Amino acid sequence: METERLIIDRIRVSDKEDYFKCISHDRKVLETFICRYAETMDEFDFSKYPGREDLFAVRLKETGRLIGIILYFDAEGASCEIGYGLGSAYWGRGYGTEAVGRFLEYLFREKGFRTVRASFFTGNEASRRVMEKCGMRFSRFAEKEISYLGMDRDVIYYEISGDPRPDRREK
C-alpha cells in the first residue's frame, strides 16, 4: 500500500531497530498505544512481529524506514478493529491520517470488511482527530474499560461503515 509520503507493508526482520526506537522504547507512544515497553534492545522480543498477517509497518517513502505500525484485530465476520502507533518524533505531520486513511481503503476493498472500529484513551485528542479526518464517527464511551500503566483508563470508540472514499461514505 502506498500514499503520497508513506509505504504500508509487512514487518521485516530488518525493522527491529526502528520498531524498538519508534514503538517499544518511545515512552510517549507507550502512553497512547498499548504496547510493552523495552528499555534495551536485548530485552526487546521482536521475533513475534515479522510474518504476522495483521500487522504492518508504516514507512517513510523517501527512506524506507519504519516510523510506526498499524494493525487490525478482533476480526469477526464483516467487522474488525484497528490500532496504530507512530514514533513521537513523527507526530503532528499528518502521517497518522495518511496511514489510517489508506489502511481503511485496504480493509474495505481488499479484505472485505464492512465496519471498522478504532479506540483511544480519553485525552488523546490527536488520535480522535485522525479518526474523524478519516471519516470515523463516535460510537461509544467505555468508562474504566482498560487497566493500563497502573490506571483504569476510559476508552472512546469510533467506527466507519462502508467504503471510505469521501463520495461513497454512508451518512
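Bear in mind these aren't lab numbers, they're just calculated from the coordinates by the rules spelled out. These numbers come from a predicted model, not from an experiment. Positions of Cβ are generated from backbone atoms using ideal geometry, with glycine treated the same way; all protein chains shown enter the neighbour counts.
Listing for the model above:
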read-out	value
Mean ellipticity per residue at 222 nm, deg cm²/dmol - from DSSP H runs of n ≥ 4 across the chain, formula -39500 (n - 2.57)	-4500 deg cm²/dmol
Cα gyration tensor category, rounded, prolate or oblate, for segment 45-92 with a/c compared to 1.5	prolate
Reciprocal of mean inverse Cα separation for segment 47-145 (Kirkwood radius, Å)	14.4 Å
Label point 7 Å beyond Cα of S79 along Cβ direction - residues of segment 109-142 with amide nitrogen under 14 Å	113-119, 137-141
Computed log₁₀ I(q)/I(0) - Debye formula, equal Cα scatterers, no solvent, the chain, q 0.11, 0.15, 0.17 Å⁻¹	-0.44, -0.85, -1.10
Difference of contour (0.36 nm per residue) and Cα-Cα distance, K133 to R10	41.8 nm
Contour minus Cα-Cα distance for E105 and I146 (0.36 nm per residue)	11.9 nm
Residues in segment 1-32 that a label on E62 would reach, taking backbone N under 12 Å of a point 7 Å out along Cα→Cβ	5-6
